[in-house]
Ligand SMILES: [Zn+2]
């Protein structure tokens, strides 16, 4: 596979980095990738990484479920259950800023948009993956875009649910988001948290490293730094409490070749109880607004 090497930190541009961890792609290729840490700002990023053209091959797996609606294993069923439970909770978070027009950037098969539309929001979605986009279009029609260049509106809320860590041209896309967020708008970003207890516990087997699909591994510090670079401020941070259970199941599968449901459940609980004190949950949601608004 064609790889590219980043010479600069995507967050602070420093050329100085050190090896943080070597992690295997358990889901698709079984290849190993290095996660580097910027010596200046501590940002963790996968480097070298597949070129944008070769990244697509790393999404081709029956196990890679965010783009499909299959449900034939316990993990898929738990994932779907958690997703349904999470929809209402995500919507309640989004509606706090009383939005009218919402964009889900990387909307996948469109579950969140369908839910928001039912609640009366005007919704748009962007999804580059054709297979997922076609499913979203079946229920949401022309409001789903295949390219961002045709999107001209400014949105009251733009959501990225586990999307930012997948984007090769990170700063370009955050600039685009900046330009398409209304003056009083909110950018809602959910990403895994490598400072979570489950990340420390499973170490290189932690499923949310998900290399090379995850190009970045944001912490509270580095996400805040990226926001600052683009004149965004972090308004609030929220936990995703179900992710620790799902991630523990997958991590056990990587480590022991079985999901160990009871052990995963207990580790999920442990992770959440540890996180409670420090807001270091398995995944975190960041609500950003324009600085100086
Ligand atoms: Zn840096």
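Structural remarks
- Residue check for residue 46: crowded, with 18+ Cβ neighbours inside 10 Å and modelled with pLDDT of 95 or more: yes
- Look at (1) within 24 Å of residue 73 (Cβ to Cβ); (2) surrounded by fewer than 23 Cβ atoms within 10 Å (Cβ to Cβ); (3) at pLDDT 95 or above and you find that residue 184 fails only one, number (1).
- Candidate set: the stretch 13-26, residues that are farther than 10 Å from residue 39 by Cα and surrounded by 12 or more Cβ atoms within 10 Å (Cβ to Cβ); chosen: the one farthest from the ligand (Cβ to nearest atom): 26
- Odd one out for residue 292 among (1) farther than 26 Å from residue 61 by Cα; (2) in contact with a strand residue (DSSP E or B) (Cβ under 7 Å, 6 or more places away or on another chain); (3) part of a loop (DSSP other than H, G, I, E, B): (2)
- A count restricted to the stretch 215-241 and to residues that are surrounded by 21 or more Cβ atoms within 10 Å (Cβ to Cβ) and farther than 18 Å from residue 41 by Cβ stands at 1.
- Given (1) farther than 25 Å from residue 223 by Cα; (2) outside any helix (DSSP H, G or I), number of the condition residue 132 does not satisfy: (2)
- Residue 166 being over 20 Å from residue 91 (Cα atoms) and touching a strand residue (DSSP E or B) at 6+ places or on another chain (Cβ under 8 Å): no
- Screening the stretch 165-274 for helices (runs of 4 or more DSSP H) wholly inside it with 3 or more residues that are more than 30 Å from residue 97 (Cα to Cα) and touching a helix residue (DSSP H, G or I) at 6+ places or on another chain (Cβ under 7 Å) returns the ranges 197-202, 243-256.
- Of all residues in the stretch 27-39, those that are surrounded by 15 or more Cβ atoms within 10 Å (Cβ to Cβ), more than 17 Å from residue 203 (Cα to Cα) and modelled with pLDDT of 95 or more total 1.
The values are calculated or read from the model by the stated rules, or taken from the named source; none is laboratory data. In this text, all values refer to a predicted model and were calculated from it rather than measured experimentally. When we count neighbours, we look across all protein chains shown, and the Cβ atoms used for this are built from the backbone with ideal geometry, even at glycine.
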